[in-house]
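No value in this document is a laboratory result; all are computed from the given coordinates. These numbers were taken from a predicted model, which means no experiment stands behind them. Please note: Cβ atoms are built from the backbone with ideal geometry, for glycine as well, and neighbour counts cover all protein chains shown.
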Amino acid sequence: MKFGIIKERKNPPDKRVVFSPQKLQELQQQFIKASVAIESSDIRIFKDEAYQQKGLSVVHDISDCDVLLGVKEVPLEALIPNKKYFFFSHTIKKQPYNRKLLKAVLEKNIELYDHETIIKENGARLIGFGRYAGLVGAYNGFRALGLRDELFSLPKVSELADLDAVKKELNKISLPNIKILLSGNGKVAFGAKEILDHMQIKEISHTQYLTMDFTEPVYCMVDVMEYNKRKDGKVGERFAFYKDPSGYESNFMPFAKVTDYFIAGHFFGNNAPFLFTREDAKSSDFKINLVADISCDVDGPVASTLRASTIADPFYGYNAETEKEVDFKNKDAITVMAVDNLPCELPKDASEGFGEMFLQHVIPAFYNNDKDGILARAKMTENGKLTKRFSYLEDYVSGKA
């Protein structure tokens, strides 16, 4: 089996890579039957020379590789027919902008494995950049706070060398007495929690958060059963909610009435209730004035997220009364950070972490007859057709969705 690390070709450029030189060397040491090639790139965070120094082959043609590993979507013209590909295709939710990509994958008889579809039997994701999105998103929120209120000035994450440098910058600042709400219980949320804990912000229960005042910064981490409730008044159950959230409604407003800074690190499923609507944000009781929407579902469950922002220009303001975008420093606005590619700001750490997960969970499946079903569950296409698990995308591919 020959694995190829492809050059990222999507714009804007992404410096991340599936494997760092160190992890790719470990792959070859652990799986002696595996061979690897790295497509030359002037973009990725690790230079060609870094791979060569580990004794790895850097080439300009990877067409002899069996399995091609990338991060972002591959441009249609760069897809090599009859190969196995791993990358984030952004098609499993029927994203309109990538329909042509999935269609081209089928036409070129490519076996596609989307990184998002690499899951345990219970559906939990095995690999991803979620932790790094959480880390950067929480930091960016504090950066927005400092700039808006002229409290302190944090540099952009993209200007810093790595996660250690990010944490050192946070050590220099002092926060006002604010309440911070963090939603979610996955890798994204725990990445954000890592930042809050590093800053030694006190974590409190949701009951304390809703009923008590504090003389220091505090935060509360809430999951779906805290900010949603059953419409019939009965006690909710998390897995029942995940299966069918139609019988639930939002219970977020009690939190919104006492929150200054909201970090949205949750996963938003189809048909789930919005956390807060545009009408909710107009309420005189609505206190949130800063949102780091790491989940970044545009015009969705977090009403202030009008659009995704960018690494170059990460903040904007949301005027609840007009429902329009304004300057993020506007005193009547909710300051919004909604960058949708946050891990790109920490390419070195993100790549190292991703490669560690990929080596642990995915590569062994190629050599143990996929005994845990990792590849079988992740495979989206085969022999020019969608696999049974992803047959729901048929109308999307045909353009009928």
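Testing the spin-label approximation: label points 7 Å from Cα along Cα→Cβ at LYS93 and ASP395. State their distance in nm. About 1.9 nm, to one decimal.
Subtracting the Cα-Cα distance of ASP372 and VAL235 from 0.36 nm times their residue separation leaves 45.8 nm of extension gain. Under 5 Å between amide hydrogens, built in the peptide plane, is the criterion, and for ASN251 it picks out ASN228, LYS229 among residues at least 5 positions away or on other chains.
Counting pairs of alpha carbon atoms under 8 Å apart in space and at least six apart in sequence, what relative contact order in percent does region 90-219 give? List each step's numbers first, then the result.
Details: 112 pairs, mean separation 30.5, N = 130.
Answer for region 90-219 is 23 percent.
Ranking ALA365, TYR227, GLY123 by how far each Cα lies toward the positive end of the dipole of the chain (charges on Cβ) leaves ALA365 at the top. Counted by neighbouring Cβ atoms within 10 Å, the residues SER89, SER153 run from fewest to most as SER153, SER89.
Give me the dipole magnitude in Debye, nearest 20, for the chain about the Cα centre, with unit charges on the beta carbon: positive for Lys and Arg, negative for Asp and Glu.
On the way: 55 positive and 57 negative charges, 175 e Å.
Charge dipole, the chain, about its Cα centre: 840 debye, nearest 20.
A simple rule links phi to the HN-Hα coupling: the Karplus curve 6.51 cos²θ - 1.76 cosθ + 1.60 with θ = phi - 60°, which for region 168-174 gives 5, 5, 5, 5, 8, 9, 10 Hz, with x for Gly and Pro. For the pair region 170-225 and region 339-370, the centres of their Cα atoms are 28 angstrom apart. Taking amide hydrogens as placed 1.01 Å from N in the peptide plane, the amide H of LYS202 sits under 5 Å from those of TYR219, each at least 5 positions away in sequence or on another chain. For volume of the Cα convex hull per residue in Å³, computed directly from the structure shown, the correct entry in (1) 198; (2) 152; (3) 122 is (2). Maximal additional length on extending the THR310-ASP149 stretch stands at 55.9 nm, based on 0.36 nm per residue less the C-alpha distance.
Calculate how steeply helix 187-198 sits against the longest principal axis of the alpha-carbon atoms of the chain, using the helix alpha-carbon long axis, and give the answer as 0 to 90 degrees to the nearest 10. It works out to around 60 degrees. Per-residue Karplus couplings for region 368-381, computed as 6.51 cos²θ - 1.76 cosθ + 1.60 with θ equal to phi - 60°, are listed in order as 10, 6, 6, 4, 9, x, 4, 6, 4, 6, 7, 5, 8, 9 Hz, Gly and Pro entered as x. In percent, rounded to a whole number, the relative contact order of the chain is 18, using alpha-carbon pairs under 8 Å and six or more apart. Here region 130-345 is treated with +1 on each Lys and Arg Cβ and -1 on each Asp and Glu Cβ, and its dipole about the Cα centre works out to around 320 debye.
A Förster radius of 41 Å, combined with the Cβ-Cβ distance separating GLN28 from ILE119, puts the computed FRET efficiency at roughly 0.95. Using Cα pairs closer than 8 Å and at least 6 residues apart in sequence, work out the relative contact order for region 130-345, in percent. For region 130-345, the relative contact order is 21 percent. Near LYS257: Cβ cut-off under 9 Å, other residues only, Lys/Arg at +1 and Asp/Glu at -1. The net charge is 0.
Might you report the magnitude of the Cβ-based charge dipole of region 330-385 about its Cα centre, with Lys and Arg at +1 and Asp and Glu at -1, to the nearest 20 debye?
240 debye
Remark on GLU382: its backbone amide H falls under 5 Å from those of THR387, a criterion applied only to residues 5 or more positions apart or on other chains, H modelled at 1.01 Å from N.
Scalar couplings 3J(HN,Hα) for region 19-30, obtained by applying the Karplus form with A = 6.51, B = -1.76, C = 1.60 to θ = phi - 60°, are 10, 6, x, 4, 5, 5, 5, 5, 4, 5, 6, 7 Hz; x denotes Gly and Pro.
Could you tell me the ratio Rg/Rh of region 139-239? Both radii from Cα atoms, Rh via Kirkwood. Can you show the working numbers first?
Numbers: Rg = 16.0 Å, Rh = 15.4 Å.
Here the Rg-to-Rh quotient is 1.04.
Bridges between two residues of the chain, per DSSP, are antiparallel at a rate of about 30%. Listed by chain and number, the lysines whose C-alpha is less than 18 Å from the C-alpha of LYS7, apart from same-chain residues fewer than 8 away, are LYS15, LYS23, LYS47, LYS72, LYS83, LYS84, LYS348.
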